[in-house]
Amino acid sequence: MNSQGKKPLLGCIADDFTGATDLANNLVRAGMRVVQTIGIPTHTDIGSAIALETADAIVVALKSRTAPIDEAVEQSLSAANWLQSLGVAQLYFKVCSTFDSTDRGNIGPVAEELAEVLQAGIVPVCPAFPETNRTVYKAHLYVGDVLLSDSSMRHHPLTPMTDSNLIHVLQRQSKGKVGHVDHAVVRGGSDTIRERLEALRTDGTRFAIVDAIANDDLMTMGRAFASMPLVVAGSGVAIGLPQNFGISPSESAAQLPRAQGPRAIVSGSCSAASNAQVVDFIKRGGEAFPVDPLRIAAGNDIVGEALHWAGSRLSESPVLFYATAAPEAVKSVQAQLGVEHAGELVERTLSAIALGLVERGVRQLIVAGGETSGACVQALEVQQMRIGPQIDPGVPWCYALSPAAGKDGLMLALKSGNFGTVDFFTKAFGMLP
Ligand code: ADP
């Protein structure tokens, strides 16, 4: 049973994997017990700690942000159907805090179809999360002190953002009208926001961009959104919704079953943070096995070598397997193998190592890298995870079942690129019960 009854209260659809974890992490901090699923699970782990009926909120992780529009809509509608069949009271469509999409992007079409199915009337839209420097003022999105269009997002390879006016951005993607709830209205309190939304609804407006420049604004708008069937937001608005269900922050929301056993780290991220974390781990005396993409490409059995090396080393002291390399080294490999091919080879190898490690008894595993995490979760056949305590902002420990881990399950921490302090690979294990 969840805190309120037998049904999950909040159903969330996230347009990418790490965004889903970020949202789930915020919901847990706000007191909800959360299960995150990878797509729509085909088995539901009845009776286990990650069974859906143990959750206040369910977050479905999709890979729809840059998918063709039809596919993104179809995936999102299937997820919405499934969540509705579980009896959720409200749906949350989680988009990126920088509102990543092209003009032909997916946010508008997906949100419009969801609104149609839910007969949502007006839909509030707010990507702000002031705690992580994303604010919305006069419907313009800021990243720290600069407008979105002046931030590095301007040059993003897949979803360049050159317009900071969210009314314009969303209007270009939507058939329905896009309106605005000004910050002055938000400061007026929940009732004032509700009145403004109602006025916009009566006026035939479909979406309302809602301003927020402080976390307090998210709490206020959260209360105003209590009876909205659909909310479109970054991960920030999540902190304001649990209060509507009588839920407040509590440590028990993050409690996970114990998973004892050897510890390991697999790192395929080449971000600056991951490079520093690998160096720090080795400097502290941690044992590490380097994975060289050129040796994989030359046909060497790197997985076999890595698992043989792991052999007697698997214990309470974590061991690291890393393809992580500095930018020049990565560029040189990419020039020789091609960007995609290099990425694929490394992901395949690291995920096979992760699977082999779990088959050999590892039960506490950190994976660094967004794509690398996706590949490892797939290799381990993880379909759903219970979200536990936060290690660093955006990165919680999770408890997952995997056929390779048997009935006891395993602890997973999936860290995307630039997340985590320099000692992440050491301190994370110290945070487990
Ligand atoms: P991040 O979250 O930091 O972006 P990802 O795992 O999403 O990390 O992406 C890193 C990509 O780089 C993956 O496709 C990975 O396989 C690839 N990669 C890792 N190490 C190397 C390397 N030494 N040379 C080339 N590509 C690499």
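Brief remarks follow.
- Listing of strands (runs of 3 or more DSSP E) fully contained in the range 204-291 that carry 1 or more residues being assigned by TED's automatic domain parsing to the domain that holds LYS175 and under 23 Å from GLY19 (Cα atoms): 205-210, 230-233
- Pairs where the first residue, in the range 360-381, is among the polar types (S, T, N, Q) and at pLDDT 95 or above and the second is more than 8 Å from the ligand (Cβ to nearest atom) and open to solvent by 30 Å² or more (accessible area, probe 1.4 Å), C-beta under 6 Å, 6+ apart: GLN364/ARG263
- Answer from GLU53, GLU71 - the residue that is among the acidic types (Asp, Glu), within 21 Å of LEU401 (Cα to Cα) and free of Cβ contacts under 8 Å to residues at least 60 places away in the same chain: GLU53
- Residue list for the range 383-407, filter: within 16 Å of VAL35 (Cα to Cα), hydrophobic (A, V, I, L, M, F, W, C) and open to solvent by 10 Å² or more (accessible area, probe 1.4 Å): LEU401
- Filtered residue count, the range 326-336, keeping only those that are in contact with a helix residue (DSSP H, G or I) (Cβ under 8 Å, 6 or more places away or on another chain), more than 8 Å from the ligand (Cβ to nearest atom) and open to solvent by less than 60 Å² (accessible area, probe 1.4 Å): 1
- Unmet requirement for VAL339, which otherwise passes all of (1) more than 10 Å from the ligand (Cβ to nearest atom); (2) exposed (fewer than 13 other Cβ atoms within 10 Å of the Cβ); (3) among the β-branched types (Val, Ile, Thr): (1)
- Just one of the listed residues (GLY299, GLY304) is exposed (fewer than 13 other Cβ atoms within 10 Å of the Cβ), over 25 Å from the mean Cα position of the chain (by Cα), of a type in the set (Gly, Ala, Ser) and not in a loop (DSSP other than H, G, I, E, B), namely GLY304.
- Test: LEU410 is closer than 23 Å to VAL35 by Cβ, open to solvent by less than 10 Å² (accessible area, probe 1.4 Å) and away from the ligand (no atom under 12 Å from the Cβ): yes
- All of ALA323, ALA298 fail the test of being more than 9 Å from the ligand (Cβ to nearest atom) and modelled with pLDDT of 95 or more, apart from ALA298.
- Top-ranked residue of the range 343-377 - restricted to ones that are under 21 Å from the mean Cα position of the chain (by Cα) and more than 10 Å from the ligand (Cβ to nearest atom), ranked as surrounded by the most Cβ atoms within 10 Å (Cβ to Cβ): ALA354
The values are calculated or read from the model by the stated rules, or taken from the named source; none is laboratory data. The structure presented is a predicted model; accordingly, all values stated were derived computationally and were not measured. Neighbour counts are summed over all protein chains in view; Cβ atoms, including those assigned to glycine, are modelled from backbone coordinates with ideal geometry. The area values use the complete protein model at the heavy-atom level, side chains included, leaving out ligands, DNA and RNA. Shrake-Rupley method; radii C 1.70, N 1.55, O 1.52, S 1.80 Å.
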